[in-house]
Amino acid sequence: MWLHSRQLALVAIVAGAPGLAVAADDWQAEVGAALGKTGAAAPGGIYRVGLPRTDLKVTLDGVELKPGFALGSWLAFEKMGDQGMVMGDLVLTMDEVAPVMTKLAAGGIEVTALHNHLLRNQPFTMYMHVQGNGDPVKLATVLHAALAESKTPLSAAQAAPSPPPPIDLDTAALDQTLGAKGANNGGVYQFSIPRAEPIKDNSMHVPPPMGSANAINFQPTGGGKAAITGDFVLIAKEVKGRLLLAVTGLRDAIAAKADHAGAGMVGYAGMLSDNIERIEAALNGVYRLALGGTAVGTALMRPPALPKRRRRRSAKLTGLPFVSPSNKFTVQGAHDALVQLSGTFRTLAVSLYKIANDIRLMSCGPRAGFAELQIPENEPGSSIMPGKVNPTQAEALTMIAVQVMANDVAVGFGGAGGYLEMNVYKPLIIFNITHSIRSSPTDVQTSASS
């Protein structure tokens, strides 16, 4: 019944019912007063308020950016019966993000995203996407308090509009190419292109003025050239070709196609393949048996055929290519081959630790993190934070990796602990190597299948 009433109200407004039109004007005026900045009515009964950051002087690669290019905060209010909804984007400097977010959270307005639209711009700016439900005037009051934590210009009085500067671009060609008509907003040629299908949020229609339209901005830079920025509204199946940001040293590096994000996974596969080759190469030394060396490798009182006979028997029982070395002093007085084998397990553990941590970073969020990977919901994350998904498999893998690295430390000390012609640390060495062997395959398989 509530949805039906809302639809009837919108139809009546469009039809020009006088009583309803006055009511709409009343609530919009109250929202403007509470926010401290008046706006304008938009199609669909939306009240949209522009909040350009005219206080900021932002440059990017030597170009001073106009507020309409990428510095335009905005809020859109929609009245729904006794309640309403607000959505919008707030342009903030880095030092403004935390205090504004704190005020919004205290007032019950949700921050749905926080990201940058530009790279290398000075001062650096962020876009904070907000959404709230409730009485529109109360929502506007909360937003006013939050915006007061920034230097966003707020003024109830509107200066007389002045003609925008001319656009030094072939706007007719742009209109024809994009199949839409642009508009001059303060010297920036802007396009707002709705999607063909309606966008809904929790079964509620989100009209283009609420932020569901594709936005493309052209700012002339001289000589028929322009700086370009914009937002594309995509559904899930269209996201494949998007850009992802490569990060080095925990700093933004380059943007790459999402298809290339798979290159990271290919890199992980290459790391694991290299580790397998290292382990297989290290086994060649382990296959050398000291059987028949007797007294410190001298073969004292040993039947001549014993080493070969024991080697063949061991190879038959295990199916492994054991060999009988000619120099048995080496394999009895030191266990360097086992130390090397343990070192390859440590290298594998280092690789797995890095991979697991990358997965944790790329899946963190979804709002205050990278959110580039979606991990399976294997168990509830928290009884007081519903919907939170913890990277438990990646966390478990990092712990196993640390244990294998620690095992290698013990093996290294054991290998160095032999004196003269005998090393008595073999129990320590064997225990830690077998522990590493038993841990790694099981946990890698568990993490991969999860």
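The values are calculated or read from the model by the stated rules, or taken from the named source; none is laboratory data. Only a predicted model underlies this, so the values are computations on that prediction, with no experimental measurement involved. Cβ atoms come from the backbone with ideal geometry, glycine included; neighbour counts cover every protein chain shown. Side chains are part of the model used for accessible areas, which takes the heavy atoms of the whole protein and leaves out ligands, DNA and RNA. Shrake-Rupley method; radii C 1.70, N 1.55, O 1.52, S 1.80 Å.
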- Given the conditions (1) closer than 25 Å to Gly45 by Cα; (2) among the hydroxyl-bearing types (Ser, Thr, Tyr); (3) out of contact with any helix residue (DSSP H, G or I) (no Cβ under 7 Å at 6 or more places or on another chain), report the number of the one that Ser192 does not fulfil. (3)
- Return yes or no: is Pro99 in contact (Cβ under 8 Å) with a residue 40 or more places away in the chain, touching a Lys or Arg at 6+ places or on another chain (Cβ under 9 Å) and of a type outside the set (Gly, Ala, Ser)? no
- Task: Any residue in region 43-62 that's open to solvent by 20 Å² or more (accessible area, probe 1.4 Å): show its pairings with residues that are β-branched (Val, Ile, Thr) and in a strand (DSSP E or B) at Cβ separation under 9 Å, as long as the two are six or more apart or on different chains.
- Result: Pro52/Val91; Leu56/Val91; Leu56/Thr93; Leu56/Thr125
- Test for Gly381: is it out of contact with any Lys or Arg (no Cβ under 8 Å at 6 or more places or on another chain) and either modelled with pLDDT of 95 or more or surrounded by fewer than 19 Cβ atoms within 10 Å (Cβ to Cβ) (or both): no
- Tell me which residues, restricted to region 115-130, are assigned to a loop (DSSP other than H, G, I, E, B) and either open to solvent by 30 Å² or more (accessible area, probe 1.4 Å) or closer than 18 Å to Ile216 by Cα (or both). Asn116, His117, Leu118, Leu119, Arg120, Pro123, Phe124
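Is it the case, given these coordinates, that Val409 is surrounded by 14 or more Cβ atoms within 10 Å (Cβ to Cβ) and either farther than 30 Å from Ala269 by Cβ or among the hydrophobic types (A, V, I, L, M, F, W, C) (or both)?
no
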- Note on the structure: Those residues of region 70-114 which are open to solvent by less than 10 Å² (accessible area, probe 1.4 Å), over 23 Å from Val188 (Cβ atoms) and of a type in the set (Val, Ile, Thr) amount to Val86, Val100, Ile109
- Query: Does region 342-349 contain at least one residue that is surrounded by 17 or more Cβ atoms within 10 Å (Cβ to Cβ) and assigned to a loop (DSSP other than H, G, I, E, B)?
  - Reply: no
- Item | Scan of region 34-78 for residues that are over 27 Å from the mean Cα position of the chain (by Cα), over 19 Å from Ala145 (Cα atoms) and charged (D, E, K, R), ordered by number | Lys57, Glu64, Lys66, Glu78
- Query: In region 312-329, how many residues are part of a helix (DSSP H, G or I), at pLDDT 75 or above and surrounded by 13 or more Cβ atoms within 10 Å (Cβ to Cβ)?
  - Reply: 2
- Any residue in region 75-96 that's aromatic (Phe, Trp, Tyr): show its pairings with residues that are modelled with pLDDT of 90 or more at Cβ separation under 6 Å, as long as the two are six or more apart or on different chains. Phe77/Val31; Phe77/Tyr47; Phe77/Val86; Phe77/Pro136
- Scanning region 350-378 for residues that are at pLDDT 85 or above and among the polar types (S, T, N, Q), which turns out most open to solvent (accessible area, probe 1.4 Å)? Asn357
